[in-house]
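Written below as structure tokens is the structure these notes are about.
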Amino acid sequence: MPERCAFWPARRTLLVADLHLGKCETFRAFGAPLPTAVNREMLDRLTCASAQRGAERILVLGDLLHAPAGLTPALLDEVAEWRRSTDVEFSVVPGNHDRHLAKVTDPWNIRIMDPGTSEGPFAFHHFPVETDRFLWCGHQHPAKIFRRGSESIKLPGFIIGSKIGILPAFTRFAAGGGTCSTGRFYPVIDDCVSPPLEPLGR
Amino acid sequence: MAKKRTLLKPPKRVKAGKPVAVAAPSAKGLAGIEAWFAAQGWTPWAFQRETWARYRAGESGLVQVATGAGKTYAAFLGPLSELMDEPHDRGGVRVLYITPLRAVTRDISLAMKRPIDDLGLDLCIEDRTGDTTSGVRARQRHRLPEILVTTPESLCLLLTRANAADLFKDLRCIILDEWHELLVSKRGTQTELALARLRGFATRVRTWALSATLPNAAEAAACAVGVGASPPAIVRGEMTRKVTLETVLPSVASRLPWVGHLGLSMLPDVVKVLDPAMPTLIFTNTRSQSERWFSALLVAKPEWEPVMALHHGSIDKAERERVEGGLKDGSIRIVVATSSLDLGVDFSPLERVLQIGSPKGIARLMQRAGRARHRPNTGATVLCVPTFALELFEIAAAREAIERGELEPRSGLAKPLDVLAQHMVTCAMGGGFEERSLLAEVRTAYSYRGLTDEEFRWTLELVAHGGATLTAYPDFHRIESVEGVWRVTKPRLATLHRLNIGTITADTTLEIRYVSGKGLGRIEEHFIAGLREGEKFIYAGKVLQFAFLRDLVAYVRPATGVTNFTPIWGGTRLPISESLAESIRRALERARDGMLDSAELLAAAEIVAVQQRVSIIPRASDVLAEITRTRDGTHLCVFPFEGRAVHGGMAPILALRLARLRKATFSISMNDYGFELLSPDDFPFEDLLSQALFTPEGLAADALEAVNISELARSQFREVARVAGLVFQSYPGARKTGRQVSASAGLIFDVLRDFDPGSLLLAQAQREVIERHFEHSRLTRTLERIGRSTLRITPTARPTPLSFPIMIERLAARLSNESIKDRIERMQKQWAEDASKSPSQRKGLVRRKSS
């Protein structure tokens, strides 16, 4: 989906990865003024995407949070409020940024899943690992640079291979560039996911 | 440490009866200085005496004099004589010497120490830079030496001390070295603000700036001394050394290509003029060019290896120091360098300077020529090496401009808010500030004399609350107001600020090391990212093999063999200066009229003839526009000769204005001489092009519409974000802490654009793009000039010697290296064949090609 997530109709599940909630808060704690609206926009986008497809569950493939310094009371409240406003189930496969996930499990009503959990034909993990099923994961923030003359544009996207699907970072405040030869790259261009494109030049 | 002790006097001893402590009649000090000069067998220059006298009379000002002509003593001995005359207590810095170059502080300290020692004065002189040892730093925390040599960044660090006001209260004199260099950058702006602060601490302080000759000396002086002081004095050194310019001409006339920038075809001729017996500095225009030349010279003359070296800004500091040392003691005889050696230490044994490629500017060329200074009272000579045929005009033009004494003016920046933001945090740490008094103080800095209340208020909001919209940035406070005084209250933020002070934007570079551990320097991340394991490339004059990347360090192994793969470092290509551009137009006019009055123009006779045959050569009062049809489409090449930046701004604007007359898309390319609009289809440039399209009217609006300013602003934002403290260059403690807050400025730009589009920092990035990238004011002047000129629209059957290099620029942007080379060769061959054919045959060729 162009909202930078994937939908699994059979289980009514919306797959997302790398939200990095509180990243701007972390920056502010270190003295760099970055706006807080980034989180809000993400929650709105989640609401939109799940409502559009009638999702009953949101499954986060790791890196829901960014860093402990970013877990401000305001952020905790904002997300808790958002969770109360919806009855969609919220599951998280912890990622490398999620060491403090325990702090938000209760207030945000989160179900924590073991990395590598499998359901039907799929397995879910934060990192791209070897499994015997089709693996959905995040972590790499796939994005590629497309050039035209002197102009260039970096587009996030999905990497889909025969045994793996890597989601783009859901947050817009994340550098991309993870490349992976395990599949083809499907960039997100505005409001659609484009067919595979190879970047021009290097 | 022990070494330092011999240089520095321990500042603790306070002894009565020392010569300085005795009150003396006011003339005594200067007499002492004169006597010291006599004892050295020297006579003070008139400008030195004038500076001393003016300083003693309480004046501030600017001394314009070439490096090495005694400027340090001109500025320093005035305040020294004053210190000799007036009794003073220990403690507190009296003379502050600010230099942009950390590497020269030691030499400057030594020079200033000579008279102090000879006269037996009990004065302490120390330097304070990033290299100062922790022991000296600890001592300086409580008390500064009487004479302190430092850099703008280290000065700002001192200003973050809570006792800053106390440290500087006895300051008498500030000396600004190489002011023409500092002035034009944000480092200069930062210095202006720091000086405004110092003047608040020490009201009696006088400022003396030292600079190369500038046509706008009064403005430069005003930037140095600040607003509100009495008009600054301007002292001129009489030692203006004559610069002679010679050219290494190709031995075989046809060897000089019509296109290119590396100039390696000139290698055999350059090797011929080089001689290790004669210490030589070879200047290039870019780091990758210096790498290529160095390795090519090594291949040509392997026996020179022990006495030849490479010097550029990305090379490891230890290696650079080895090269500088080797130049001084004569063990290294030939150095290939970039602007990294433009300034700084005098390498007295230097006998010769070569400039490879376009000199770009007149002052720049003179500065480089001045590096060879072994023969007193004789002129400096610089040997220019053209890299392609049209550069012959540039060299001829540079000579003429030097003879006419035309130099480029240099101005400071207009109130950059990112620098102000950083300064505010500095002041908040250094004892705190009150809003009104800081505003008044900041306005005494010349660059900020027009700062509005709103801009000040907004910058304060930025550092206090993150931005004008309070709700957007909860929990953000870099500075907090405590009873009306703004201070930094969080120690972590204070530490971060100290680590990130400064305005020099380091590119995203990685350290480059041997696997065995030895450091080599820094390299662009972008370049490393494109390397495969085992791939060979040239760096620091060595062939290396990429091994692996770990923890922001690129590991390499020494390799053998030959490769042409050279890193390309970021940074914009310097456009030719306005003065040089004007001179080039005159040189062309002389060539047009057959006045081949210099060796360079004579060597260019062939290209002149060809250009005149297929097109015309414009007069200085003409603007040439060539229209050519090839299989690529319809080309319009316009030649204002105003430098790449101006052409880069002008081309899209003209494209936009043409497209308004008839819908079309153009691809654009440009070089220092002109720009090209290419329409893939047949486009009637002949009918639509007119003088009216070059009107400066509506320029700003058209520029916004024509250029993707936003994309350019995004890249400019890196510097703004770094200075304003939105991205961090270094982090305290563990790297882990850093990772959570590492984000590229581009990313932050996107976030701000999407979520706080009103941010003034975004506006500043845009302003900086328009002014710096397109040289907006120069663009306006150019359009006005074109309005007064005759537009000479000339259809040509083929690309001409003038348009050919521009067309190649376009190909270079599109194709990989290998294929461009092939294509150039093919085109040039075609050209030569074509030129030898009769006109009718030529026509046939064109038709065949365009079908």
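Descriptive notes on the structure:
- Stretching the chain fully between B:Ala300 and B:Ala547 yields a gain of 86.1 nm (0.36 nm per residue, less the alpha carbon separation).
- Each label point was placed 7 Å from the Cα along the Cα-to-Cβ direction; for B:Glu606 and B:Asp329 their separation is 4.7 nm.
- For the stretch B:2-236, the relative contact order comes to 28 percent (Cα pairs under 8 Å, sequence separation of at least 6).
- B:Ser251 versus B:Arg631: modelled label distance in nm, points set 7 Å from Cα along the beta carbon direction: 3.9 nm
- Extension reserve of the B:Glu533-B:Thr244 stretch, reckoned as 0.36 nm per residue once the Cα distance is removed: 99.2 nm
- A Förster distance of 30 Å, applied to the separation of the beta-carbon atoms of B:Ala692 and B:Ser777, puts the FRET efficiency at 0.85.
- Within the straight-line cut-off of under 15 Å between alpha carbons, the aspartates and glutamates reachable from A:Lys163 are A:Glu119, A:Glu130, A:Asp132, sequence neighbours fewer than 8 places apart in one chain being disregarded.
- Each label point was placed 7 Å from the Cα along the Cα-to-Cβ direction; for B:Arg660 and B:Glu589 their separation is 3.1 nm.
- Residue order, fewest to most surrounding Cβ atoms within 10 angstrom, among B:Thr189, B:Thr628: B:Thr628, B:Thr189
- Taking a straight line from the alpha carbon of A:Lys23, these aspartates and glutamates sit under 12 Å away, with near neighbours fewer than eight places off in the same chain left out: A:Asp63.
- Within 10 Å of the Cβ of each residue in A:36-44, the mean number of Cβ atoms contributed by other protein chains is 3.
- Sorted fewest first by neighbouring Cβ atoms within 10 angstrom, B:Phe201, A:Phe173 come out as B:Phe201, A:Phe173.
- Sites A:Ser85 and B:Leu101, calculated FRET efficiency, Cβ-Cβ separation with R0 51 Å, nearest 0.05: 0.25
- Ordering B:Tyr448, B:Tyr97 from the fewest to the most neighbouring beta carbons within 10 Å gives B:Tyr97, B:Tyr448.
- Partner shielding of A:22-28 amounts to 6, given as the average count of beta-carbon atoms from other chains within 10 Å of each residue beta-carbon.
Bear in mind that the values in this text are calculations on the coordinates, not laboratory data. As the structure is a computational prediction, the values presented were derived from the model and not from experiment. Quick reminder, even Gly has a Cβ in these numbers, built from the backbone with ideal geometry, and neighbours come from all protein chains shown.
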